[in-house]
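J.: Mind having a look at this structure? Questions to follow.
The values are calculated or read from the model by the stated rules, or taken from the named source; none is laboratory data. Worth saying up front: this structure is predicted, and the values here are computed from it rather than measured. In this analysis, Cβ positions are derived from the backbone assuming ideal geometry, glycine residues included, and neighbour counts consider all displayed protein chains.
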Amino acid sequence: MAIRTRARILTNRLQSMFLSSSFLHDHATSFGYKEVGEEEKSKLVGNVFSSVAPNYDLMNDLMSVGLHRLWKDRLVSKLAPFPGMKHLDVAGGTGDIAFRVLESINGVKRRALQDGLEDNSEDETRVFVCDINPAMLSVGKKHAIERGGGLGEAQSLVWVEGDAEALTFDDDSMDGYTIAFGIRNVTHIERALAEAYRVLKRGGRFLCLELSHVEVPVFKQIYDLYSFSIIPAIGEFVAGDRDSYQYLVESIRRFPSQEKFAQMIADARFQKVEYENLIGGVVAIHSGVKL
Amino acid sequence: MPLSTLYRPFSTKPHTNHKNQKEAEGDKRRQRDCRREYRDEQACVLDAAISHVVRLGWSEEAMICGAKDVGLSPSIVGSFARKEAALVEYFMDLCLQKLADKIESGLDLPDLILSQRISKIVRTRLEMQIPYISKWHQALSIQAQPVNISTSLKQRAILVDEIWDAAGDQSMDINWYVKRTVLGGIYSATEVYMLTDHSPGSFLSMNPLIFA
């Protein structure tokens, strides 16, 4: 009886692996709607981000009409940072999430929290910003200095050049892992999820903010029109780079649906996997806990 | 705040339309096992957090300390829905369980008349809150928040039902509702009275007027 049950579970796992592996292969060899080799994909994505880095934040504001700030606020409030946290923000080049995490920890309410908790010198807050693209990191470092409040010289903010699929951090070292608008650009999503699982401590949380799929009937058509007509035009006008923004819009459509991505996170052994749709699905925040 | 809708893929409909029934059942079993593990860990954290409540209140700080005590990253506290309410509700469930255990192990109820039986059970239950009385007003205000009130009312309804059952209530008509509603009101009034009753031992004398 037990053997039959185990065999059934194994068959289920193999079948779901087969179904998802064909999808993952598609993702690894797709650059928007084009088909490319796996090795080529990361180079192409790298070129996109080197090109958009200087205007990245301005374009975000224009494309999302400033809403991306609210989405990132929501992500960080879901994360609920605490003093002494070790947090890793992957593909966080320009630092938006990292700044919000630090400001949340250093805010007045949090200082009250610190009074309540025992002072432990080992528990120093550290936020690591990891990005594969040096151009994005240097924009982030510049922002840190411009933002003031000591973020430029803060020891609690560490900029690391690295690959989401092969992180250089130790196992079980992070309390939180966030990836905002980055996982879509990773060649092998399952490797990034496995790495996230590896570096998180027990009880640590994985949070992903990503552009996702809209199913609401009329709104979907409006959103598609906006995405395919207006966004590449803004990209051409503001950043002089239509192709990068065409890639952006196409890669959103190729990315798995909310349910599929939640399944992938669960397959990476995360628990309490949930997702929250914002603006009817334009953006989704997926979360999971490592136990 | 942008419009948002929260989904828990594994607690609602099955997540895929193409698997046959046997595979769906296997999936459901795995998901149930995973969910149970998360619930167990959450219960451990909340249990450990209760020992910090007197010092830190019904708050995130207490839960963070609880998580550290059981060896989990305090990040897990961020995943609890309605954080402080989770702690208060856990405590209420814990007290209900302890009350049921005490009733089962014998409170000498059959020797007493009805009002004395109820008085004894209510006293037993309220005594469990005495160690946290300095912070109980905070728990009451958390339970009264609109987002939490439906769960707290449900817990109190279960509690008064348990008390009446233990006191030997056999009614099957409108009295069933009347008795529970009245006891709910009396219980809450006594609970609030406890908050302002600072003299040691006086609560234990249980003002008989309450049950007149």
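J.: Test residue A:99 against the stated conditions and say whether it is modelled with pLDDT of 90 or more, within 18 Å of residue A:82 (Cβ to Cβ) and among the aromatic types (Phe, Trp, Tyr).
T.: yes
J.: Just one of the numbered conditions (1) within 14 Å of chain B (Cβ to nearest Cβ); (2) surrounded by 15 or more Cβ atoms within 10 Å (Cβ to Cβ); (3) small (Gly, Ala, Ser) is not true of residue A:53; which one?
T.: That leaves (1) as the condition not met.
J.: I'd like the full set of residues that are facing another protein chain (nearest Cβ under 8 Å) and either among the hydrophobic types (A, V, I, L, M, F, W, C) or surrounded by fewer than 24 Cβ atoms within 10 Å (Cβ to Cβ) (or both), limited to the stretch B:62-77.
T.: Matches in the stretch B:62-77: B:64, B:65, B:67, B:71, B:72, B:76, B:77.
J.: Which condition breaks for residue A:269 when tested against (1) crowded, with 19+ Cβ neighbours inside 10 Å; (2) within 14 Å of chain B (Cβ to nearest Cβ); (3) in contact (Cβ under 8 Å) with a residue 24 or more places away in the chain?
T.: With (1) crowded, with 19+ Cβ neighbours inside 10 Å; (2) within 14 Å of chain B (Cβ to nearest Cβ); (3) in contact (Cβ under 8 Å) with a residue 24 or more places away in the chain applied to residue A:269, the lone miss is (1).
J.: Still on this model: Based on what the data block shows, is residue B:60 under 30 Å from residue A:68 (Cβ atoms), modelled with pLDDT of 90 or more and among the acidic types (Asp, Glu)?
T.: Taking the combined requirement at face value, the residue satisfies it.
J.: For the stretch A:159-201, enumerate the residues that are among the charged types (D, E, K, R), farther than 16 Å from residue A:92 by Cα and touching a helix residue (DSSP H, G or I) at 6+ places or on another chain (Cβ under 9 Å).
T.: Within the stretch A:159-201, A:170, A:171, A:172, A:175, A:190, A:201 meet the criteria.
J.: Out of A:62, A:67, A:58, which single residue is under 17 Å from the mean Cα position of the chain (by Cα) and not β-branched (Val, Ile, Thr)?
T.: Of the residues listed, the single one that is under 17 Å from the mean Cα position of the chain (by Cα) and not β-branched (Val, Ile, Thr) is A:67.
J.: Can residue B:63 be described as over 18 Å from residue B:162 (Cβ atoms) and either out of contact with any His (no Cβ under 8 Å at 6 or more places or on another chain) or assigned to a helix (DSSP H, G or I) (or both)?
T.: Numbers: over 18 Å from residue B:162 (Cβ atoms): yes; either out of contact with any His (no Cβ under 8 Å at 6 or more places or on another chain) or assigned to a helix (DSSP H, G or I) (or both): yes.
For residue B:63, the condition - over 18 Å from residue B:162 (Cβ atoms) and either out of contact with any His (no Cβ under 8 Å at 6 or more places or on another chain) or assigned to a helix (DSSP H, G or I) (or both) - is met.
J.: Okay, next question. Being touching a helix residue (DSSP H, G or I) at 6+ places or on another chain (Cβ under 6 Å), in a helix (DSSP H, G or I) and within 14 Å of chain B (Cβ to nearest Cβ) is true for just one of A:219, A:206. Which residue is that?
T.: None of the other options fit; the residue is A:219.
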